[in-house]
Amino acid sequence: MADSSWPGCAKSLKGVILDLCGVLYDSGEGDGVAIPGSIEAVKRLKESDLQLRFCTNETQATREKFVAKLQRLGFDISVCEVFPPAPAAISVLKERGLRPHLLVHDGLLQEFEAVEKTNPNCVIIADAAENFSYQNLNEAFRVLIGLEKPILFSLGQGRYYKETDGLKLDVGVYMKALEYACDLKAEVIGKPSPTFFQSVLSDMGLKPHEALMIGDDLVNDVGGAQCCGMKGVQVRTGKYRPSDERHPTVIADATVDNLAHAVEVILSQRGLEA
């Protein structure tokens with residue numbers, strides 16, 4: 001019988017899904033910096049018999065520009081392997097005939113160029129960074145409160161993330177503010193949404209038990225993956241906090257020092273040591 005616990009479960013894996021920020025690199029000035037060992041770890045996974053995808057809540061740039069940044073840092077990554085929330089959100093807008101008011105980062109606006117935005121009947125918020133001003137939040141609030149059936153989409157629901165100069169508030173904080181002000185529940189597109197994880201699994205052609213998620217966010221990466229039936233491993237890089245290992249509701253299948261360590265364990269279990 002196959003071992004379902006870590007690290008024995010690595011023997012029966014068919015695919016690995018990686019978070020990006022906090023696992024491969026820390027964002028910050030310029031392109032940010034690669035986390036030591038992560039470039040080689042991605043290379044080793046790609047050279048193995050495992051499928052590899054990247055699942056991110058990154059919303060400060062279009063997918064193409066974001067991938068170009070990772071390539072400049074030294075990562076072997078292509079656009080088709082990366083799953084961010086914005087393209088998924090655009091599909092939802094088209095399916096439901098919705099016109100968004102956008103509260104997003106300037107770098108993401110190009111992603112929504114072809115989307116009808118006049119007379120908005122919903123609001124989309126993402127990691128807008130400096131664009132999360134009182135004026136902009138209040139404008140989003142006014143759009144929502146003026147709708148008979150207000151709809152708020154949040155591209156992810158993270159509390160904070162790590163940049164090279166420290167921790168930064170994420171979109172989830174502002175999502176909660178608008179939820180409270182408008183007495184509504186946001187629809188989350190991105191991690192930890194089961195639909196978002198399932199779209200990545202479908203692209204790989206895998207069932208949840210055949211894939212492993214590795215991330216730095218205990219709730220959104222690890223917990224979200226576990227709710228879909230995947231194993232979830234947390235790295236002690238990025239936004240990891242020691243208190244994560246004592247979380248009352250989410251328990252990682254394993255906690256490892258970094259991506260390089262996780263990959264070493266996975267490949268050694270499969271008899272693929274360097």
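The values are calculated or read from the model by the stated rules, or taken from the named source; none is laboratory data. Computed from a predicted model, the values in this text were never measured in an experiment. Counting neighbours? That spans all protein chains shown, and the Cβs are built from the backbone with ideal geometry, glycine included. Just the protein is used for accessible areas: all its heavy atoms, side chains included, with ligands, DNA and RNA removed. Shrake-Rupley method; radii C 1.70, N 1.55, O 1.52, S 1.80 Å.
Once the mean of 1/r is taken over each pair of separate Cα atoms and inverted, the chain shows a Kirkwood hydrodynamic radius of 19.1 Å.
Packing around the peptides 15-27, 174-186, 242-254, taken as the average count of other Cβ atoms within 10 Å per residue, puts them in this order, highest first: 15-27, 174-186, 242-254.
Would you mind getting the accessible area per residue of the range 62-124, heavy atoms of the protein chains only, 1.4 Å probe, in Å²?
With all protein chains present, the range 62-124 gives 48 Å² per residue.
Evaluated with a Cβ-only charge set (Lys, Arg +1; Asp, Glu -1), the chain carries a dipole of roughly 500 debye about its Cα centre, given to the nearest 20.
Placing R0 at 51 angstrom, the Cβ-Cβ distance between Val33 and Glu148 gives a FRET efficiency of 0.60 after rounding to 0.05. Taking only the C-alpha atoms of the range 29-173, the Rg (one decimal) and the largest Cα-Cα distance, Dmax (whole number), read 17.0, 53 Å.
How much of the accessible area of the range 132-171, in percent, comes from carbon and sulfur atoms when a 1.4 Å probe is used? C and S fraction of accessible area: 48 percent. Taken about its Cα centre, the range 105-189 carries a charge dipole of about 300 debye when Lys and Arg each add +1 at the Cβ and Asp and Glu each add -1 at the Cβ. The protection proxy used here, the mean number of other Cβ atoms lying within 10 Å of each residue, ranks peptides 58-67, 164-173 as follows, highest first: 58-67, 164-173. Of all lysines in the structure, the ones whose alpha carbon falls short of 17 Å from that of Lys207, not counting any fewer than 8 places away in one chain, are Lys11, Lys14, Lys231. Looking at the chain, the DSSP beta bridges with both ends there are about 15 percent antiparallel.
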